[in-house]
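Peer 1: Attaching a single structure in structure tokens format; questions to follow.
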Amino acid sequence: MRSLLMAAAISLAFTLFLTPVFLRLFRRWGWGQVIRTPEDIANPSHEAKRGTPTMGGLIFIVGTIVGYFVGVYAGGSTPALSAILVLWLMLGFGAVGFIDDYMKVKSQRSLGLSGWRKVIGQLIVMIPFGVVALNFPNQWGQTPASGHVSLFRDIPWLDLFAFGVVIGWVVYLIWIAVIGIATSNSVNLTDGLDGLAAGAGVFVVSAYSLIAFWQFKQSCTGAGAGTGAEDEALAACYQVRDPFSLAIVGASFAAGLIGFLWWNAPKAKVFMGDVGSMAIGGVITAMAILTRTELLLFVIAGVFVLSSGSVILQRTYFKLTRGKRLFLMSPFHHHLEMRGWPEVTIVVRLWIISGLLAISAVGIFYVEWLTLV
């Protein structure tokens, strides 16, 4: 517990108190927001955001790393493979986002990496993650990820390796790549209003940290292993590797986002940029896969799903009706802007929805456990 609290405290302090230092550097380097996208043209209020320091996601990325390692070593333990994999996706996806941001700032245009180049970059990060996550078992034979699709835990009849090892590896890598690309791009689409993605990210990652901590308390390798625990408790235990380390890295990241949100809340003093939104997507992806709650992601990250879903619906409806629009603008939060909602109202209400969805997801996760004990 000391490791978890220390990691969160260090990460929070880092982003809360050192952000002004980073902002001075960003201004010196000319890392200012470019405002030339269609939604910005349609929303004149966005013009005032031009020149605001961007790529602020670097701040909570560094804060998470510092917080996690200080917390782990302060608690007398060592970094675990599962947590390292979370940091890998955070850094890898963040690097793809950084390249995209840097290209925009350098050219002073809103066009960075093309869609397919961004996807290729994400695949380059996801494939090593997937390979490592399904190898290197610990002393109990547990690997960080599994070859099953999961909801609250692995679903036995959804075995990705049911048709052999070769086909299984292909299906497995495609499955986790879809999760990673969809999640990171959904967060990226949500990052259109001050504090929206950061605030929703706090709720989502905090929920995953809580789930991981509960899995640690109900771990199959801890409770019941030679202790005479009841069979019912064993039936409800979780086959998750390094759950406490996942809880620590999740708490560190969520705390870093809270500290960053102090400066990112309306009116934002800094934007996270693609480096930040992609990093959030990477952490959420890794936590969903490694806690074996992949399908539960649709509930926990419902606000992010809303953003990408509204874009998909808009484009589909536009093509089917040959030019008609379902929303005034997509993603959905820009539709609300066009309807005249103040930016702060949209952000706060979507935060509330995000919190309710996160609480609901944790609640049904706990109810599933109760049905087994």
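The values are calculated or read from the model by the stated rules, or taken from the named source; none is laboratory data. Just so it is clear, the structure is predicted and the values come from calculations on it, not from any experiment. Because the Cβ atoms are built from the backbone with ideal geometry, glycine has one as well, and the counts that use them run over all protein chains shown. We work out accessible area using only protein heavy atoms, side chains counted, and drop any ligands, DNA or RNA first. Shrake-Rupley method; radii C 1.70, N 1.55, O 1.52, S 1.80 Å.
Peer 1: Provide the net charge surrounding Glu294, with neighbours chosen by a C-beta distance below 12 Å and charges set as Lys +1, Arg +1, Asp -1, Glu -1.
Peer 2: +1
Peer 1: Choose one answer from Asn188, Asn138, Asn264: the residue with the largest mean-square fluctuation in a GNM of the chain with alpha-carbon springs under 10 Å.
Peer 2: Asn138
Peer 1: Using the Karplus equation 6.51 cos²θ - 1.76 cosθ + 1.60 (θ = phi - 60°), what ³J(HN,Hα) coupling, rounded to whole Hz, does each residue of the stretch 287-296 give in order, writing x for Gly and Pro?
Peer 2: 5, 5, 6, 7, 8, 6, 9, 4, 6, 5
Peer 1: Right, something else. State, as an integer percentage, the relative contact order of the stretch 65-130 based on alpha-carbon contacts under 8 Å between residues 6 or more apart.
Peer 2: 31
Peer 1: Starting from the Cα gyration tensor of the stretch 173-322, take the square roots of the eigenvalues, sort them a ≥ b ≥ c, and report rounded, prolate or oblate (rounded when a/c is under 1.5, otherwise prolate if a/b is larger than b/c, else oblate).
Peer 2: Note, shape of the stretch 173-322 comes out oblate.
Peer 1: With the alpha-carbon atoms as the only input, what is the per residue convex hull volume for the chain in Å³?
Peer 2: Once divided by residue count, the hull of the chain is 142 Å³.
Peer 1: Measure nothing fancy, just the Cα-based angle from helix 2-29's long axis to the longest principal axis of the chain, in degrees from 0 to 90, nearest 10.
Peer 2: On a 0 to 90 degree scale, this one is about 20.
Peer 1: Quick check: from the Cα gyration tensor, does the stretch 112-239 come out rounded (a/c under 1.5), prolate or oblate?
Peer 2: Because a/c hits 1.5 or more and a/b fails to exceed b/c, the stretch 112-239 counts as oblate.
Peer 1: Still on this structure, I have one more. How do the peptides 290-300, 316-326, 348-358, 196-206 rank, highest first, by the average count of neighbouring beta carbon atoms within 10 Å per residue?
Peer 2: 196-206, 290-300, 348-358, 316-326
Peer 1: Return one whole number: the accessible area per residue of the stretch 245-373 in Å², for a 1.4 Å probe.
Peer 2: Averaged over the residues of the stretch 245-373, the accessible area is 42 Å².
Peer 1: Note the angle between two axes, namely the Cα long axis of helix 302-320 and the longest principal axis of the Cα atoms of the chain, as a number of degrees from 0 to 90, rounded to the nearest 10.
Peer 2: Between helix and principal axis, roughly 60 degrees.
Peer 1: Quickly estimate the mean residue ellipticity at 222 nm for the chain, helices only: each DSSP H run with n ≥ 4 gives -39500 (n - 2.57), and the total goes over all residues, rounded to 500.
Peer 2: Value at 222 nm, helices only: -22500 deg cm²/dmol.
Peer 1: Can you give the extra length, in nm with one decimal, that the chain gains between Arg27 and Arg315 once fully stretched, where that is 0.36 nm per residue apart less the Cα-Cα distance?
Peer 2: Length gained, Arg27 through Arg315: 100.0 nm.
Peer 1: Another one. Between Gly192 and residues 5 or more places away or on another chain, which pairs have amide H atoms under 5 Å apart, with H built 1.01 Å from N, and which residues are they?
Peer 2: It is Ala197, by chain and number.
Peer 1: Could you check how much of the accessible area of the chain is carbon and sulfur, as a whole percent, using a 1.4 Å probe?
Peer 2: Carbon and sulfur together cover 69 percent of it.
Peer 1: Now, a different point. Given H placed 1.01 Å from N in the peptide plane, which residues other than close sequence neighbours of Leu158 have an amide H under 5 Å from its amide H?
Peer 2: Answer set, sorted by chain and number: Val149.
Peer 1: Tell me the angle of helix 165-190 to the major Cα principal axis of the chain, expressed in degrees between 0 and 90 and rounded to the nearest ten.
Peer 2: Long axis of 165-190 versus the principal axis of the chain: about 40 degrees.
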